[in-house]
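Since every read-out is calculated from the coordinates, none of them should be taken as a lab result. The shown structure was predicted, so the numbers you read here are calculated from the model rather than taken from an experiment. Virtual Cβ from ideal backbone geometry, glycine too; neighbours counted across all protein chains shown.
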Amino acid sequence: MPRKVNRAWLPFGLARQIKQKLESMEVDMVYPVPFCTLTEDDSRNLYIREFARHFGRHDVDIEFYEDDRHRIAKVAVKREVPCGSTGFVADHLVGVWFREAAEQAGLLHHQFPCLATMALDREF
C-alpha cells in the first residue's frame with residue numbers, strides 16, 4: 001500500500017530555508033500541499049506557470065445529455081492534477097445523475113492511487 005505524504009518529510013522551517021537558498025541563486029520554488037492545489041498564481045516564474053496551466057488544481061467542463069439535463073454526458077478535463085485522478089474521475093462520471101456527481105466523484109477519488117494527502121496545508 002502506498003504511503004501518504006508526510007509533513008515530516010519537509011518541515012516548514014526546512015522548506016523556508018531551501019526556498020531562501022534557491023532565491024539567492026535566482027531559482028523559483030513552489031511546494032503546495034497537496035501538490036494538486038498548484039495554480040498559475042502561485043509563481044511569477046514562466047516555467048512554473050506553464051506547468052501549472054496543464055497540471056495542478058483540476059479544471060473540467062461538464063456537459064449534460066440533451067434529452068436528460070439531469071445526467072452527465074461528458075466531462076472534459078481542461079487541467080489535470082499531477083497524479084492523473086481528474087481524468088479517471090471524469091471518465092466514470094458519464095451517465096451519473098447531477099445530484100449524485102459530487103458524492104460519486106469523492107468515492108472515485110478515493111479509488112485512484114494518489115499518494116498526496118487530502119489535507120490542505122495552508123502553512124505551505
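A compact table of results
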quantity: Label-point gap, in nm, between Arg16 and Arg53 - each point 7 angstrom along Cα→Cβ; calculated: 3.4 nm
quantity: Residue-wise HN-Hα coupling along the range 103-113, computed from phi with Karplus coefficients 6.51, -1.76, 1.60 (Hz; x: Gly, Pro); calculated: 5, 5, 4, x, 5, 5, 4, 6, 7, 7, x
quantity: Arg71 long-range amide H proximity, modeled H, under 5 Å; calculated: Tyr65, Phe98
quantity: Approximate spin-label separation His110-Ser24, in nm, with each point projected 7 Å along Cα-to-Cβ; calculated: 4.7 nm
quantity: Gyration tensor (alpha-carbon) shape descriptor, the chain, a/c threshold 1.5; calculated: prolate
quantity: P(r), alpha carbons of the range 59-111 - 5 Å bins starting at zero, rounded %; calculated: 4, 23, 31, 25, 12, 4, 1
quantity: Mean separation of Cα contacts under 8 Å (6+ apart) over length of the chain, as relative contact order %; calculated: 26 percent
quantity: Cysteines in the chain lacking a second Cys C-beta under 4.7 Å; calculated: Cys36
